[in-house]
Amino acid sequence: MALTGFRPRRLLVVLAVLCGVLAAGIAPAAAHAALTGSDPAPGSVVAHAPEQVALTFSEGVAMGDDSLRVLDPQGRRVDRGKLRDLCSGSVVKYGAGLPPGLADGTYTVAWQAVSADSHPVSGAFTFSIGAPSRTAAAVPQQQVGGGLVGALYEIARYLAYAGFVLLAGGAAFVLACRPDGARVRSVQRLVVHGWALLTGATLAMLLLRTPYTGSGKLADVFDLGGLQQVVLSKPGAALLARLLLLAAAALFVAVLFGAYARAHRPEDDGPDGDDTTGAGKRRRDLTLGLAVGGVALAAGLATTWAIAEHASTGLQPAVAMPVDVLHLLAVAAWLGGLAALLVSLYGGPPIERTAVRRFSRIAFGSVLVLVATGTYQSWRQVGSWRALTDTSYGQLLLVKVGLVVVMVAVAGLSRRWTNRLAATTDTATTDTTAAVAVPAAVPAAGADAEAEADSARPGAPTAPAAPDRAAQLARQQAALATARKKRARDADPVRRSLRQSVLTEAAIAVVLLVVTTALTTTEPARTEEAVKVATAGQSPDANQPRVLTVPFDTGGPGGRGSARIDLDPGRSGGGNELRLRISDPSGKTRDVPEVKVSFTLDAKKLGPLPVALHHSGTGHWAASGVQLPVPGQWQLSLLVRTSDIDQVTETRNVTIN
């Protein structure tokens, strides 16, 4: 298929924009530190006001005094406003003290924290003292890290990854594969744009950090006090360090496309391309210095991700962070070099076969590093085969692996076309030289003849000076030579096929980057599985009370109302406590002449087993030591009598473990 007039950069820009939109759709970030327990438990009813509210997390979090708030039924804050660090060993636990004498009713607990891997998490739940009640507490409906701010932050995160890949990978391509590329404008633009993209995205993330982890209001990007707090945090310090490294990277780029590019001018070569002259020594010194400095800068930039995200927390962080740095460097060498190869194939002077072969070897080595480091990261973050399909992280990881496999397959095609360049390069070079050398003499001869004729005419203007005319002819010949070389290059079927396969690789790489970004904002599968295990015993099917609200209508005057029944802990055997509250349609507690509760298990032909209730207050009844011998689907029967003749019996199913 002909690609005349095609601009691959346009396609890549469109793909990048689409992937950025997809990355924005990821927000809010999935919880990385998860709430694994609380005291009181969510939805529980306690007889007396607790001394504090305590939260337990799956991993380390950062919290302040305003990160945990307890609101009474009227929406007023009642906690003491001082956070307590209750962490013990591997248990991450925080609490907020409560004053004595809190009134009965439903209380709301709202919390907000920042995970050890820099992602914000939040949540809310209720518990009741004495009996549930209506509550006017206002809890933010939008999860922290979401909304417009969350979308902008995730786009900036994606662009930061893309900028790092272009900067580090493009520079590595020049130093290791194509030194002459330092003088190619398309390669220069690629690397410089990568630096600008990474710098801009890092600044955006630093400014957005305050609203991203806090209020969610875009206007808070101008909050200098919040920015100061961000800089003092681990993620903020990592972003600030990245900016300092980017300042040094600007000097590196200036030397790469300045002194290094000038050192690789063809006229500085010795006879027959000999590189043993003084210019050759200068080249080698510059190459060595830039290689050492470039590796140090790239590793430093990669470390700013490793110390602030998944690798810095969880299992084996001392091993995981260096592995993560290697993984990022391999990604940059492969994908960034691929982008540099793509712009070299589509613009500037024809790329040499040796440069393509060098990149092919580097890409192969990068893939091997990616396989090794990716396998370790997968084991660390996933933990089990089942988690690959049962968790969001595992599913995204499978998508990433699939994309890498497709890229490797396409890269195999590119290697085949690269190997076929050997047979065509010499022929193409000979044909191009002949095409340029022969026609170039024709304009020169014609110009000389015309100049001589003009000089012979009386009164003719003075002819231009010979040096100026020679320079003009040289420029014309160079333009003709460049045009013929470009036509010969574009007509080469091998190079055309190589360009198409490399373009396909680059398109897949853009999508691969957005999947990688999504993985950094998704709760690791191992953590998700651990949270499920930790909360299994606290789910409504285990240790939490069984709570039922049963409306009733006895049919007589004042016969309408509802009964709230709490069975705690709601498991088989003895030791269950039952609390019953009767209220009128307005929610106010009321007494009734008679109320009875019994349990029946038809599957085992047990029951009805009556519950001995005692009146504990206006509208309140209770019973302790309720015996439910075996687990199963029990039927609860509630009899309510509101007058001598008006009564009704309601039934509900209750699962007992």
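The values are calculated or read from the model by the stated rules, or taken from the named source; none is laboratory data. What you are looking at is a predicted structure, and each value in this text was computed from that prediction instead of being measured. Heads up, the Cβs are rebuilt from the backbone with ideal geometry, glycines too, and the neighbour counts pull from every protein chain shown. Each accessible area value is taken on the protein alone, full model and side chains, heavy atoms only, with ligands, DNA and RNA left out. Shrake-Rupley method; radii C 1.70, N 1.55, O 1.52, S 1.80 Å.
Descriptive notes on the structure:
- Accessible-area order (highest first, 1.4 angstrom probe) of the listed residues T549, T213: T549, T213
- Across the range 99-115, computed HN-Hα scalar couplings (Karplus, 6.51 cos²θ - 1.76 cosθ + 1.60, θ = phi - 60°) run x, x, x, 5, 6, 5, x, 9, 10, 10, 10, 10, 9, 8, 8, 10, 5 Hz from first to last residue, x flagging Gly and Pro.
- Residue-level accessible surface for R183, protein heavy atoms, 1.4 Å, Å²: 100
- All other residues whose Cβ lies under 13 angstrom from that of D79 are scored, Lys and Arg at +1 and Asp and Glu at -1, for a net of +2.
- Long pairs among K234/K400; K82/K234; K93/K596; K82/K588, criterion Cα-Cα beyond 30 Å: K93/K596; K82/K588
- Cβ charges +1 (Lys, Arg) and -1 (Asp, Glu), total dipole of the range 112-246, debye: 300
- Charge dipole (the range 297-413, unit charges on Cβ, about Cα centre) - positive-most of Q381, P317, V408: V408
- Accessible area of I645 in the full protein assembly, 1.4 Å probe (Å², nearest 10): 150
- Accessible area of D79 in the full protein assembly, 1.4 Å probe (Å², nearest 10): 20
- Counting only protein chain heavy atoms and rolling a 1.4 Å probe, the accessible areas of E505, E577, E594 rank, largest first, as E577, E594, E505.
- Ranked order, Y153, Y346 - accessible area, probe 1.4 Å, largest first: Y346, Y153
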